[in-house]
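The values are calculated or read from the model by the stated rules, or taken from the named source; none is laboratory data. Values in this document were obtained by computation on a predicted structure and should not be read as measured data. Using ideal geometry, Cβ is built from the backbone for each residue, glycine included, and neighbour counts are taken over all protein chains shown. Ligands, DNA and RNA are stripped out before the accessible areas are found, and what is left, the full protein with its side chains, is counted by its heavy atoms. Shrake-Rupley method; radii C 1.70, N 1.55, O 1.52, S 1.80 Å.
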Amino acid sequence: MAAASRLEHDFLGERTIPEDAYYGIQTLRAIENFRITGIPLKTEPLFVQALAYVKKAAALANQELGVLDASIAAAIAQACDRVITGEFDNQFLTDMIQGGAGTSVNMNANEVIANVALEIMGHPKGQYEFCHPNNHVNCSQSTNDAYPTAFRVALSNKLVGYGQALSELAEAFAQKGEEFRNVLKMGRTQLQDAVPMSMGDEFKAFATNLREELLRIEDSRQLISEINMGATAIGTGVNAPSGYAELVTQHLRTITGLDLKLAGDLIEATYDTGAYVQLSGVLKRTAVKLSKICNDLRLLSSGPRTGLFEINLPPLQPGSSIMPGKVNPVVPEVVNQTAFYVIGADLTVTMAAEAGQLQLNVMEPVISFALFTSISYLTNACHTLREKCVVGITANAQRAEELVRNSIGIVTQLNPVLGYETAAEIAKEALRTDKSVYAIAVTERQLLTQEKWDEIFTFENMIRPGFIQ
């Protein structure tokens, strides 16, 4: 038996829609036309939720202003509440990358909400004379204000989870900093021995480095809190009643709990994508920092016999199909690769933002895809790095201290006592003869007493050096 269906029409013609589908003809056309990523809108539930927030706020504002019947507005608001809970996520099937500046996403939301509202009102799906996707659900709106407003709401909420993951990762590094505070190690510049330091300070610096990004995330959330709801097509507010923009923004602020602000210039706000470029840059900046930290973890754990081997990363899986016993730093490696993706996605956002023309940027779908995926991937990377790597790192304290004691780099701390020229001669001889700095300076040349050496090279003075003459 053929599956039950209903017939819907738009100005291009008629199409058959599965009877159990809450989406309609325009969503069906989008599903057929945009087979790009294979990633449908439902994979971003916060975006689906945000679309419902926008539609509910619009319905309430339209009812209050007398342009939408109270019973229809109530049904739409109730339908939106159900969509907000995730009940109909599986009906949001348009591809994340699409033509039309997000019209397909907007219509997917309009159709689903209209059909849910119809059932609430006691009508079958598709009887749009009672609740129409365009006339009622999309009342006083355009894709060009509904889509970017929902996008910004979703971004703001998604950044909360990302910020939490980043904060927890930074805290994990800070805790390791405390754990390793008494581990002496060699600091390095340009992969060469520099001067001694505490491994604890090294890990605390990782934490500080990442905590700086939390401030940038909040800055970005402030930027994307400015919305153009009520702008409709190009910012003039065509088809929207007087006072609608301010009222719908007020309702949306109440519904979402976000500090949303109506843009002062709706024409500029409708085409401007500068906030997305800024946010993308913040994500890229964090990705670069994470990748650098992971490079350091890989170097510090290199070996075990022929590398630095100052720390141990948790062994998670065999590292080779041919080399027995080999264990690789797989988590730092996967975070590196995630960072590379985010860095590339930033270029996508940049190019898409630049491609805007006149009163609209039609490339916003790929911007949304790039930002949503980057935030998701970075969130996952932060969780993975913390749970699978950082919390299980241990220090090879004896190995790290031996590298310090045998290093030529410690000669730097003799500069105030012996002068740069003499210290340089000691370093050169130590390198040539493979003798220690101690053997040359104290035992052979007797340039320092044992007492002076001990004063200069206490643990505390090596990690937080004071000026000693």
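Within the range 160-174, residues that are under 17 Å from Ser291 (Cα atoms) have Cβ atoms under 8 Å from residues that are at pLDDT 95 or above and among the acidic types (Asp, Glu) in these pairs: Leu166/Glu213, counting only partners at least 6 apart in sequence or on another chain.
For the range 96-114, the set of residues classified as under 13 Å from Tyr23 (Cβ atoms) and either in contact with a Cys (Cβ under 8 Å, 6 or more places away or on another chain) or open to solvent by 40 Å² or more (accessible area, probe 1.4 Å) (or both) consists of Ile113, Ala114, listed by residue number.
Does Glu213 fit the bill of being within 30 Å of Gln192 (Cβ to Cβ), open to solvent by less than 70 Å² (accessible area, probe 1.4 Å) and either modelled with pLDDT under 95 or not β-branched (Val, Ile, Thr) (or both)? Talk me through it step by step, then tell me what you get.
Values: within 30 Å of Gln192 (Cβ to Cβ): yes; open to solvent by less than 70 Å² (accessible area, probe 1.4 Å): yes; either modelled with pLDDT under 95 or not β-branched (Val, Ile, Thr) (or both): yes.
In short, yes.
Under the condition of being in contact (Cβ under 8 Å) with a residue 60 or more places away in the chain and at positive phi, the residues counted in the range 116-159 number 2. For the range 115-124, the candidate set comprises residues that are in a loop (DSSP other than H, G, I, E, B) and open to solvent by 50 Å² or more (accessible area, probe 1.4 Å); within that set, the residue that is nearest to Asp69 (Cα to Cα) is Met121. For the range 125-173, filtered to residues that are among the aromatic types (Phe, Trp, Tyr) and outside any loop (DSSP other than H, G, I, E, B), the residue that is surrounded by the fewest Cβ atoms within 10 Å (Cβ to Cβ) is Tyr162. Among the residues of the range 11-29, those identified as under 39 Å from the mean Cα position of the chain (by Cα) and assigned to a strand (DSSP E or B) are Ile17, Pro18. Restricting attention to the range 65-81, does a residue exist that is open to solvent by 10 Å² or more (accessible area, probe 1.4 Å), assigned to a loop (DSSP other than H, G, I, E, B), of a type in the set (Val, Ile, Thr) and closer than 29 Å to Glu246 by Cβ? Yes, some residue in the range 65-81 is open to solvent by 10 Å² or more (accessible area, probe 1.4 Å), assigned to a loop (DSSP other than H, G, I, E, B), of a type in the set (Val, Ile, Thr) and closer than 29 Å to Glu246 by Cβ.
Working carefully through the options Leu51, Leu93, Leu46, find the one that is assigned to a helix (DSSP H, G or I), touching a helix residue (DSSP H, G or I) at 6+ places or on another chain (Cβ under 8 Å) and open to solvent by 20 Å² or more (accessible area, probe 1.4 Å). Criteria check complete, one pass: Leu46. Of all residues in the range 423-451, those being among the basic types (Lys, Arg), open to solvent by 90 Å² or more (accessible area, probe 1.4 Å) and within 22 Å of Glu402 (Cβ to Cβ) number 1.
Quick check on the range 423-437. Is at least one of its residues among the hydroxyl-bearing types (Ser, Thr, Tyr) and in contact (Cβ under 8 Å) with a residue 40 or more places away in the chain? Within the range 423-437, none of the residues are among the hydroxyl-bearing types (Ser, Thr, Tyr) and in contact (Cβ under 8 Å) with a residue 40 or more places away in the chain.
Exactly one residue out of Val390, Val411 is crowded, with 22+ Cβ neighbours inside 10 Å and in contact with a Lys or Arg (Cβ under 8 Å, 6 or more places away or on another chain), and it is Val390. Residues in the range 287-345 that are within 30 Å of Phe369 (Cα to Cα), modelled with pLDDT under 95 and open to solvent by 40 Å² or more (accessible area, probe 1.4 Å): there are none. Checking the stated criteria, Lys261 turns out not to satisfy the condition of being out of contact with any Phe, Trp or Tyr (no Cβ under 8 Å at 6 or more places or on another chain) and surrounded by 14 or more Cβ atoms within 10 Å (Cβ to Cβ).
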